[in-house]
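A.B. asks: Questions regarding the structure given below will be posed in turn.
The values are calculated or read from the model by the stated rules, or taken from the named source; none is laboratory data. Model, not experiment: these values are computed from the prediction. Cβ placement follows ideal geometry from the backbone for every residue including glycine, while neighbour counts extend to all protein chains displayed. What goes into the accessible areas is simple: the full protein's heavy atoms, side chains included, and nothing from ligands, DNA or RNA. Shrake-Rupley method; radii C 1.70, N 1.55, O 1.52, S 1.80 Å.
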Amino acid sequence: MTATPSPPSVIVVFPKAETENRWQQALARALAGRAPRLAVRTFHAAGESLRDGPAPEALYAVGWEPPAKFFERNPQLRAFFSAGAGVDHLLRHPGLPPSVTVVRLEDAGMASQMAEYCCHEVFTLFRRYRDYEQQQHNGVWAELRTVRRGDFVIGVFGLGVLGTHVATTLAGFGYSVIGYSRSPRSLPGIECYSGPGQLDTFLGRSRVLILLAPLTAQTENIIDAHALKRLPAGAHVINVARGGLLDEQALLESLDSGHLASARLDVFRTEPLPVGHPFWFHPKIRLTPHVAAMTLLHQSVEQISDKIAALERGDQVTGCIERDRGY
Ligand code: NDP
Ligand code: OXD
């Protein structure tokens, strides 16, 4: 007796079964009208993770941080869609075959969240809202001076989908915004720097440094003690990219020496941030638990389903990662 072949499928994989189920249902609905031949199933359900043999029918995967055996169990995979803009969680997976196309989320509702997060911090710093809170606490009624807006230069490190939106939104509020990227960029109203040769100049002008570049072999630890020293005295750092870009010890030393005025951190080398980590208690650090721009289920599923349908038709899609550059 010959076994009935399984239908080609999309496999959904997340660390939590509950997340897998939500994505499975949303993707099944979205793909029913776009690519009806594809079944959508979850990796952890029905003992999938306990299966001995491979599940050869999965052509596409969608998710975050697949477990060790994931690629071994899905040898027919053509593409993996990251449920985030970042793909460092996939590129560091030792089992990721070179043949699998890695596709990232492009905005999908994250750009406006990222702009909100960064603008909120910039407004707080520029308008000295924390000082006013302190004054209220002390029963003080007094106007505080702010620096000239033109002197409050904001440097956005990473001018991709998210960085460009953050930079242009801040420029729209009249701030002086400069940007830095790997390759030369041109954005109206924003002075752009690129390449290692221009990094020090970019840093030297950044009164607020916003990190929004991917974690790659080139960006790992790029904001180290030397880079922090290049920032003007009294500068602020906002890290919404990945913890690995920033040397944690150098950041603490720079804050403690008084060179850096404050840090707003959303991402960390180890997440969740370990209990007892000095960042939790530092008076000059404010942190959030990796929520600057959250993945929105509906918009992400729409984008990914459109791309899966395009690949099924044999069309090209955008957002494919170049493995050698790491993003
Ligand atoms: P993009 O790929 O669109 O943009 C990346 C930008 O970084 C590009 O401008 C790129 O340069 C630049 N870059 C890459 N390598 C270097 C380098 N070595 N030196 C200088 N610039 C470099 O990514 P997104 O804008 O969509 O996302 C950026 C990152 O934000 C993600 O990778 C992720 O880590 C993080 N993120 C964090 C979230 C959070 O909630 N905290 C949410 C979503 C994303 P070039 O223009 O030359 O290509
Ligand atoms: C992402 C993230 O990469 O949430 O999308 O960090």
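A.B. asks: Consider the range 88-104. How many of its residues are open to solvent by 50 Å² or more (accessible area, probe 1.4 Å) and in a strand (DSSP E or B)? Give the derivation first.
C.D. replies: Just the residues of the range 88-104 that are open to solvent by 50 Å² or more (accessible area, probe 1.4 Å), to begin with: 91-92, 94, 98-99, 101, 104.
When the remaining residues are screened for being in a strand (DSSP E or B), the result is 101.
The number of residues fulfilling the criteria is 1.
A.B. asks: State yes or no: is Thr216 in contact (Cβ under 8 Å) with a residue 60 or more places away in the chain, among the hydroxyl-bearing types (Ser, Thr, Tyr) and more than 21 Å from Gly258 (Cβ to Cβ)? Even if it seems obvious, please write down each step before you answer.
C.D. replies: On the way: in contact (Cβ under 8 Å) with a residue 60 or more places away in the chain: yes; among the hydroxyl-bearing types (Ser, Thr, Tyr): yes; more than 21 Å from Gly258 (Cβ to Cβ): yes.
Against the criterion (in contact (Cβ under 8 Å) with a residue 60 or more places away in the chain, among the hydroxyl-bearing types (Ser, Thr, Tyr) and more than 21 Å from Gly258 (Cβ to Cβ)), Thr216 qualifies.
A.B. asks: If Ile238 satisfies every condition in (1) outside the structural domain of Met114 (by TED's automatic domain parsing); (2) under 22 Å from the mean Cα position of the chain (by Cα) but one, which is the exception?
C.D. replies: That leaves (1) as the condition not met.
A.B. asks: Restricting attention to the range 86-108, which residues are farther than 16 Å from Gly244 by Cα and within 16 Å of ligand 2 (Cβ to nearest atom)? Give the steps one after another, and end with the answer.
C.D. replies: Quick first cut of the range 86-108, residues farther than 16 Å from Gly244 by Cα only: 93-108.
Answer for the range 86-108, where residues must be farther than 16 Å from Gly244 by Cα and within 16 Å of ligand 2 (Cβ to nearest atom): His93, Val102, Val103, Arg104, Leu105, Glu106, Asp107, Ala108.
A.B. asks: Looking only at the range 51-87, which residues are open to solvent by 60 Å² or more (accessible area, probe 1.4 Å) and acidic (Asp, Glu)?
C.D. replies: Of everything in the range 51-87, those that are open to solvent by 60 Å² or more (accessible area, probe 1.4 Å) and acidic (Asp, Glu) turn out to be Asp52, Glu65, Glu72.
A.B. asks: If we keep just the residues of the range 267-295 that are of a type in the set (A, V, I, L, M) and within 11 Å of ligand 1 (Cβ to nearest atom), which is nearest to Gly243 (Cα to Cα)?
C.D. replies: For the range 267-295, the residue satisfying everything is Val267.
A.B. asks: Of (1) assigned to a helix (DSSP H, G or I); (2) more than 22 Å from Cys118 (Cα to Cα), Arg325 satisfies all except one. Which?
C.D. replies: (1)
A.B. asks: Kindly provide the set of residues from the range 268-280 that are surrounded by 15 or more Cβ atoms within 10 Å (Cβ to Cβ) and either more than 16 Å from ligand 2 (Cβ to nearest atom) or not assigned by TED's automatic domain parsing to the domain that holds Arg230 (or both), ordered by number. Working first, answer last.
C.D. replies: Residues of the range 268-280 surrounded by 15 or more Cβ atoms within 10 Å (Cβ to Cβ): 268-269, 273, 277, 279.
Within the range 268-280, His277, Phe279 meet the criteria.
Quick grid of which residues meet (1) of a type in the set (D, E, K, R); (2) crowded, with 20+ Cβ neighbours inside 10 Å:
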| position | (1), (2) |
| --- | --- |
| Asn221 | no, no |
| His226 | no, no |
| Leu231 | no, yes |
| Glu253 | yes, no |
| Asp256 | yes, no |
| Asp266 | yes, yes |
| Val291 | no, no |
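A.B. asks: What number goes with the only condition from (1) in the same structural domain as Val13 (by TED's automatic domain parsing); (2) under 21 Å from Thr164 (Cβ atoms); (3) among the β-branched types (Val, Ile, Thr) that Val122 does not pass?
C.D. replies: With respect to (1) in the same structural domain as Val13 (by TED's automatic domain parsing); (2) under 21 Å from Thr164 (Cβ atoms); (3) among the β-branched types (Val, Ile, Thr), Val122 is out only on (1).
A.B. asks: Which one is nearest to ligand 2 (Cβ to nearest atom) among residues in the range 287-305 that are over 20 Å from Phe80 (Cβ atoms) and not hydrophobic (A, V, I, L, M, F, W, C)? Outline the logic, then answer.
C.D. replies: We begin by selecting, within the range 287-305, every residue over 20 Å from Phe80 (Cβ atoms); these are 287-294, 298.
Still in the list and also not hydrophobic (A, V, I, L, M, F, W, C): 288-290, 298.
Details: Thr288: 12, Pro289: 11, His290: 6, His298: 15 Å.
In this case the residue turns out to be His290.
A.B. asks: Report those strands (runs of 3 or more DSSP E) wholly inside the range 157-264 carrying at least 3 residues which are within 13 Å of ligand 1 (Cβ to nearest atom). Spell out how you get there, then give the answer.
C.D. replies: Details: elements: 177-181, 191-194, 208-211, 235-239.
Passing ranges, in order: 177-181, 191-194, 208-211.
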